[in-house]
1. Place +1 on the Cβ of every Lys and Arg and -1 on the Cβ of every Asp and Glu in the chain, take the dipole about the Cα centre, and give the residue among Val158, Leu460, Val68 whose Cα lies farthest towards its positive end.
2. Just need the relative contact order of the chain here, percent rounded to a whole number, with Cα pairs under 8 Å and 6+ apart.
3. Given the C-alpha centroids of segment 76-112 and segment 430-450, what is the distance between them in whole angstrom?
4. Considering only DSSP states other than H, G, I, E and B, which trypsin sites (Lys or Arg not before Pro) in segment 133-227 qualify as loop sites with at most 11 other Cβ atoms within 10 Å?
5. What longest range of the chain stays clear of loop-exposed chymotrypsin sites (Phe, Trp or Tyr not before Pro) (DSSP non-H/G/I/E/B, at most 11 other C-beta within 10 angstrom)?
6. If you project the alpha carbons of segment 50-190 onto their three principal axes, what span does each projection cover, largest first, in Å?
7. What is the antiparallel percent of DSSP beta bridges lying wholly in the chain, to the nearest 5?
8. Taking H as built 1.01 Å from N, whose amide H comes closer than 5 Å to the amide H of His437, not counting residues under 5 places away?
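FYI, it's all coordinate maths here, none of it is from the lab. On a predicted model such as this, the values are computed, not experimentally measured, just so you know. Glycine also receives a Cβ, built like all others from the backbone with ideal geometry; neighbour counts cover every protein chain displayed.
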Amino acid sequence: MTRARTQGPRELHLRKLPGVDRVLEHPRLVGLGLRHALVRRVVVDVIASERARIMAAVDEARDPNPPVAELDELAAAARAQLDRWLQVHPRRVLNGTGVLLHTNLGRAPLSAAARAAVDAAAGTCDLELELDDGKRGSRLALLSPLLSALFEAEDVLVVNNGAAALLLACTALASGGSTGGVVLSRGQHVEIGDSFRVAEMAAAGGVPVIAVGSTNRTHLRDYSAALQGRPDAALLWVHQSNFVQAGFVHEPELAQLAGLASSQHVPLIADLGSGSLGLGVPADEPTVTAYLEQGATIVSFSGDKLLGGPQAGILAGSAAAISRCRRHPLARALRCGKLALAALHATAIAHASANTPHLPFHDMLAIEQAQLRARGERLCQALGWPPERVRDCQATIGGGSMPGQQLPSVALVVPGKAHQAAARLRRGDPPLIARAHEKQLWIDLRTLTGVDDEVLLNSLRQLG
Ligand SMILES: *Cc1c(COP(=O)(O)O)cnc(C)c1O
């Protein structure tokens with residue numbers, strides 16, 4: 001028997017693949033002025049995925065004789081991969097999904113002032129320096145009191161994101177061990193995006209979550225029973241920020257929980273998530289101030305949801321509780337970077353207005369359906385599309401706020417197969433992301449409120 005005959009078809013095909021060094025010598029990959037280790041890694045990856053493709057094709061007997069990539073194809077694939085890696089991600093995209101706070105699209109877009117603030121902070125800046133006396137200062141010296149005043153809280157602390165705020169509050173305000181824990185209703189074991197569960201995030205610092213009640217009904221007595229023998233525990237309230245419950249359901253009011261917490265001398269941590277300041281957002285979403293008025297010791301929420309700012313986590317609450325959080329070692333690990341702080345400060349300044357803040361998110365919420373309809377008709381005309389392509393639809397806020405609530409909106413309906421049109425728009429410059437609905441592609445104009453007509457038309461012309 002010859003050597004070749006002892007080999008299976010897989011090995012025979014794999015032997016045809018060029019080696020790493022041969023691909024590296026290809027003219028497409030020579031003289032790029034890039035680190036050898038980088039180019040080599042990409043070539044190794046490209047060959048490995050070609051190898052995996054051949055093996056899968058042969059093993060599944062889909063193709064006993066699969067084509068094997070030529071040297072030139074492998075070099076081209078490596079070059080394309082390098083080009084992708086060496087282009088900054090994330091890129092700007094246009095949000096035509098009708099979801100105002102889309103986590104996959106970076107949630108709230110920043111205002112021009114917030115972008116300028118990021119730019120100023122990007123260089124050397126007075127992050128932790130008092131310009132008056134030249135002494136060391138705090139990065140939150142001005143932002144904390146401003147936010148405290150806006151939220152009507154005694155004090156405020158800013159960290160990296162909403163999850164960090166929750167983790168810090170639970171870890172700093174309750175103890176682990178048999179006398180501690182955070183008590184949470186089974187009806188509030190919320191799962192947020194990407195399979196992350198609030199109860200697991202709350203417990204990640206070593207303070208266990210004690211589940212009480214049932215999915216649909218939890219009573220005050222369930223909480224008070226759990227607190228027996230746990231003087232170092234805390235009560236945790238998690239806002240049902242992305243789902244609604246109906247039917248045979250019961251949970252105590254937040255204020256009743258606050259009464260229990262104060263009689264038992266334990267803190268009440270309320271994870272609100274959305275962080276509304278009231279003005280310009282639908283009234284049924286609870287505000288941070290309302291949670292504090294109802295007796296929450298500390299409220300945690302995100303900077304990039306209803307607040308309309310950058311990714312950040314905010315804790316608002318009693319001076320004593322915030323001080324415990326600020327001094328906990330986790331506070332240093334979870335602190336907010338200078339770019340986000342600058343953007344958050346600019347966002348807070350917009351919220352200082354007595355009127356609805358002029359922030360991109362709030363503008364998207366405020367625009368009237370009639371204005372959207374008029375814009376849709378203008379765009380259709382410019383594209384030479386028939387006016388029937390302008391249709392009424394429903395947008396949503398998303399981002400863990402106002403579940404089930406819809407906002408009347410207007411969309412342009414793209415002709416043809418939804419997935420083909422979607423792919424073409426994603427490849428546009430800038431890419432436009434829309435939503436499939438009734439087998440067609442709908443481009444929601446509410447979430448495109450801040451985008452110039454010309455930019456939008458350029459993307460739409462990709463459709464041909
Ligand atoms: C969104 C959300 C979080 C997490 O906030 P991030 O800013 O995404 O880390 C936590 N709890 C609730 C209730 C939320 O809605």
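1. Positive-most Cα among the choices belongs to Val68.
2. On the way: 844 pairs, mean separation 83.7, N = 464.
With pairs under 8 Å counted, the relative contact order is 18 percent.
3. If we compute the Cα centre of each part, the gap is 16 Å.
4. On the way: sites: Lys135, Arg136, Arg139, Arg186, Arg197, Arg217, Arg221; in loops: Lys135, Arg139.
Answer by residue number: Lys135.
5. Values: sites that count: Phe196, Phe243, Phe248.
Excluding the exposed sites themselves, the longest stretch runs over 249-464.
6. 72, 48, 35
7. Details: 27 of 46 bridges.
DSSP beta bridges in the chain are roughly 60 percent antiparallel.
8. So His437 has HN proximity to Trp442.
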